[in-house]
Structures are given as structure tokens and as C-alpha cells.
Amino acid sequence: MHSFSCMDQFLAMAFAQLTGREGLRDIETCLAALGPKLYHAGFRGPVARSTLADANERRDWRIWADFAQTLIRRARKLYLHEEFGVQLSNTVYAFDSTTIDLCLSLFPWARFRRHKAAVKAHTLLDLRGGIPCFVRVTAGNVNDVRLLDELPLEPGAYYVMDRGYIDFARLHRFADEAAFFLVRGKRALDFTRQLSRPVDKCTGLRCDQTISLDGPKSSLLYPQPLRRVTYTDAQTGKRFVFLTNSFTLPALAVAQLYRCRWQVELFFKWIKQHLRIKAFYGTSENAVKTQIWIAVSIYVLVAIVRKRLGLQASLYQVLQILSVTLFEKTPILQALQASNSDSDLFDIDNQLILFDF
């Protein structure tokens with residue numbers, strides 16, 4: 001494995017991600033068929049499935065986590081002024097997790113339930129550009145709220161979360177570090193209303209209150225006042241209750257920010273549909289984390305390419321084009337530029353038209 005560098009491993013795994021390879025044998029066979037093109041793409045030699053398997057099993061996954069973080073820093077600078085649906089100068093993050101089901105007999109280290117295994121990818125998404133800036137991969141039985149202890153907090157930033165993250169001791173850390181949280185409230189909340197502000201009920205808002213917690217534990221864990229905003233969705237009639245420690249944000253913006261939280265759900269759906277993170281090329285914890293982090297790197301690389309080249313195509317379109325042009329000599333900008341198929345067809349004088357309507 002010493003002759004199989006990190007670059008070789010990344011290129012092989014990136015090829016597998018971009019082209020949707022099913023397994024190690026599939027990767028080996030397809031790369032072998034490309035012959036001399038491998039050298040021009042950066043490979044130093046043919047890739048054997050046993051060598052790639054050993055690298056995924058033994059080479060520390062944190063190499064790829066650090067590499068992804070380098071790409072993430074570059075991507076966030078490119079998307080720094082990207083709009084996300086709410087006029088707000090502060091950085092806004094959405095935090096959630098997704099569960100990836102596994103076979104217990106193959107992944108015994110990831111026991112989730114009695115007859116089931118799974119891993120969770122806990123992700124903090126920067127809503128400007130949809131860039132994942134914090135990812136932790138844990139066993140499926142790890143409670144989501146525990147990851148709040150590891151979350152890097154940025155003063156002045158907003159962190160939008162679902163009600164599964166209500167833990168007032170952990171939420172108090174946001175106030176201590178001058179960060180803002182916005183979380184969907186639970187129905188059974190013991191509180192006292194201290195102040196009510198007027199709201200425009202035509203917008204769907206129902207109340208905007210300053211409250212104090214009255215629960216015997218919650219009042220001790222979070223002794224400061226909280227803001228409680230209630231909103232009713234006009235289309236579904238569903239009622240939402242939001243809790244936040246921000247008292248300057250307009251009440252309607254609170255509801256709009258929570259709606260933007262859906263972007264993290266779309267991110268999970270995107271990577272599960274278009275990248276290989278539901279079926280794994282190895283069964284060890286190291287191999288699983290390696291594959292997930294390389295998938296994150298590919299997602300961020302595609303986002304960087306799209307922004308730097310000023311492409312109007314979606315991330316999915318860019319990914320699909322790259323998947324079929326990886327080993328072509330066509331300049332990447334030319335390959336990714338949208339072409340007018342009609343003009344391309346009729347500009348060729350000697351090209352016969354098969355169907356003439």
C-alpha cells in the first residue's frame with residue numbers, strides 16, 4: 001500500500017463517486033479499461049481492488065476530513081454573498097442529521113437496534129450556498145442532541161434546528177458564546193409570559209412573546225428570558241412554535257428562517273441520490289467514514305467549480321456532465337457550458353437529418 005498514494009486513493013474514490021460504481025471490482029474493471037488515460041488523469045499506475053480496499057481500511061479517515069475542510073473554507077468564501085431567502089447579514093446555519101441504514105452482520109460496530117445497524121451523518125449546513133461546514137459520522141444510536149456539545153459556535157451567527165435539539169443546558173451555551181439559536185418548540189413547555197408584542201396576523205403570525213421557563217429543571221438550566229413566536233402556515237393550517245434567544249430579529253423573519261432549514265433536508269436527499277453514501281466499498285468504521293468524507297469533498301468540489309466558472313447549471317447537471325467527461329481532453333469550461341442543440345445540428349452542412357418533421 002506504500003506505493004498507493006493518498007492522491008491515487010482519492011482519484012479512485014472520486015471516480016467511483018462521480019460515475020456511480022457499484023463495488024471495488026467495478027472500480028478496478030472500469031479503470032483498467034481506460035488504459036493510458038489513467039496517467040493523464042493523475043493516476044500513477046493501475047488500481048487493484050485489494051490495494052484500494054486496504055487503503056480504505058487502514059489509511060486514517062481524518063486525512064479526508066481535513067481535506068474536505070480545506071475545500072469547505074474555499075467554497076464558503078465563494079458563496080459568502082449568496083442569497084438564501086431571508087435578508088440577513090448574519091451567517092445562518094441549519095443543523096440536522098440523516099440516518100444511513102446498514103446490515104448488522106457486516107457492520108457490527110454500528111449497532112442501532114437489536115437487528116439493525118446504521119450510521120448518522122450530523123451536518124451543519126451554511127445556508128449561503130448550501131455548503132456543509134461541520135460533519136460528524138457516528139453510530140446510529142447516538143442521540144442527535146449530544147452533537148450540540150461538539151458544534152463550533154460563531155458569535156453573531158444563527159443556528160436553526162428542529163425540536164429534537166431542545167436541551168436547555170446545551171442551548172444555554174449559545175447564549176454564553178453570543179450565538180443565536182432558533183429551534184422549533186415542543187407543545188409541553190412550562191413557561192410564563194412576560195411580554196407580548198403586536199404582530200400582523202395577515203402574515204400568519206399569531207404571537208410574539210418574551211417568556212421565562214417555569215419547569216423545575218429548565219428554569220435552572222436556562223434562567224434567561226426566551227422569545228416565543230407562533231406561526232400558522234396558510235396552506236396547510238399547521239401551527240408552529242419557535243423558541244429563540246434573538247430579540248432583534250423581526251417575528252416574520254423567525255418563521256422564514258425556520259423554513260430555510262429545509263435546505264439541510266434537501267442536501268441529505270441530494271447526496272443520497274447522486275453520490276455513493278448508502279452502499280459502501282468496505283465494512284470497517286474507517287472505510288465508511290473515508291467514503292462519506294470523500295463524497296462530501298466531491299459535493300464541495302462541484303460547488304466550487306460551478307461558482308468559479310459562473311455556471312448557470314445546477315449541481316446535479318454539473319455532476320452528470322463531469323461523470324461522462326472525466327477522461328476527455330475537452331477543456332472543462334467547454335464541457336460544462338450549455339450548448340444550443342438546434343444550432344449545433346443545423347450548422348453542419350453535410351450532416352444528414354434522420355427525422356425531418
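Structure data summary
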item: Positive minus negative residues near Ile211 (Lys, Arg vs Asp, Glu; Cβ under 14 Å); result: +2
item: Between 0 and 90°, nearest 10: helix 251-260 axis offset from the chain longest Cα axis; result: 30 degrees
item: Nonlocal Lys pairs with alpha-carbon distance under 27 Å, the range 62-268 (8 or more apart, or different chains); result: 5
item: Listed values [x] 76, 56, 35; [y] 78, 46, 34; [z] 62, 50, 37, entry calculated as Cα extents along the principal axes in Å; result: [x]
item: Label-point separation in nm, Asn286 to Thr192, each point 7 Å along Cα→Cβ; result: 5.8 nm
item: Efficiency of FRET from Cβ geometry, Ala313 and Glu57, R₀ 41 Å, rounded to 0.05; result: 0.65
item: Distance (nanometres) between label positions extended 7 Å along Cα→Cβ at Ala169 and Thr236; result: 3.2 nm
item: Point-to-point label distance, Asn143-Ser3, nm (Cα→Cβ direction, 7 Å offset); result: 5.2 nm
item: Proximal aspartates and glutamates relative to Lys278, as straight alpha-carbon distance under 13 Å, when same-chain residues fewer than 8 apart are discounted; result: Glu22, Asp101
item: Amide H contacts of Tyr159 (H built 1.01 Å from N, under 5 Å, at least 5 apart or other chain); result: Tyr93, Phe180, Phe181, Leu182
item: Highest to lowest packing among 29-36, 270-277, scored as the average C-beta count within 10 Å; result: 270-277, 29-36
item: Computed FRET value (nearest 0.05) for Cys103 with Ser212, which takes r as the C-beta separation and R₀ as 35 Å; result: 0.10
item: Table column - 3J(HN,Hα) (Hz), the range 216-223, Karplus curve with 6.51, -1.76, 1.60, x for Gly and Pro; result: x, 8, 5, 5, 7, 6, 9, x
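None of the figures in this text is laboratory data; all of them are computed from the coordinates on show. None of these values were measured; they are calculated from a predicted model. In this analysis, Cβ positions are derived from the backbone assuming ideal geometry, glycine residues included, and neighbour counts consider all displayed protein chains.
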